[in-house]
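These notes concern the structure reproduced below.
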Amino acid sequence: MRYRLHVYRFLQSPGRLLLPDWLAITLGRHIFSWRPLDEVELAHEVAHVGQWERYGLLFIPRYLRASWRAWRMGGHHYHDNVFETLARGAAQRARESRNDASESDR
């Protein structure tokens, strides 16, 4: 999967005004972050690249609808959004892979 990571430190302040825990946002194949991402964080964002590839511009209304559905079901609009859940799964797999690799180095 092709992607491009853009790191712009100046994005930290304005992004935190809207989302306190903001680290990165993915738009199409472009990942924008205010600092370099580790492999687990990158796996999360690359999962979003795949979602963009699958749905194209329809990803935006689908993401918003998933947030609305999560909220309507009594969940959190971000943490319970199905697209975020899938991206966290990719991050978890990357974390486990990293842990397995570090254990085999011992």
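The values are calculated or read from the model by the stated rules, or taken from the named source; none is laboratory data. If you're wondering where the values come from, they're calculated on a predicted model, not measured in any experiment. Don't worry about glycine lacking a Cβ; one is built from the backbone with ideal geometry, like all the others, and counts go over all protein chains shown.
If only residues of the stretch 2-25 that are among the aromatic types (Phe, Trp, Tyr) and loosely packed, with under 15 Cβ neighbours inside 10 Å are counted, the one that is farthest from PHE83 (Cα to Cα) is PHE10. Of the residues making up the stretch 71-83, one or more are among the acidic types (Asp, Glu), more than 18 Å from ILE31 (Cα to Cα) and at pLDDT 95 or above. Report, by residue number, each residue of the stretch 1-57 that is over 28 Å from ALA101 (Cβ atoms) and charged (D, E, K, R). Of everything in the stretch 1-57, those that are over 28 Å from ALA101 (Cβ atoms) and charged (D, E, K, R) turn out to be ARG9, ARG16, ARG54.
Filter the stretch 26-52 for residues that are closer than 14 Å to ALA87 by Cα and either modelled with pLDDT under 95 or charged (D, E, K, R) (or both) and give the result.
GLU39, GLU41, GLU45
Taken over the stretch 27-48, the residue count meeting the criterion of being in a loop (DSSP other than H, G, I, E, B) and charged (D, E, K, R) is 3.
Per-residue answers, yes or no, for (1) among the small types (Gly, Ala, Ser); (2) under 22 Å from TYR3 (Cα atoms); (3) more than 12 Å from the chain's Cα centre (by Cα); (4) outside any helix (DSSP H, G or I):
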position: PRO20; (1), (2), (3), (4): no, no, yes, yes
position: ILE25; (1), (2), (3), (4): no, yes, no, yes
position: GLY50; (1), (2), (3), (4): yes, yes, no, no
position: GLU53; (1), (2), (3), (4): no, yes, yes, no
position: GLY56; (1), (2), (3), (4): yes, yes, yes, no
position: ILE60; (1), (2), (3), (4): no, yes, yes, no
position: ALA70; (1), (2), (3), (4): yes, no, yes, no
position: GLU84; (1), (2), (3), (4): no, yes, no, no
position: ALA90; (1), (2), (3), (4): yes, yes, no, no
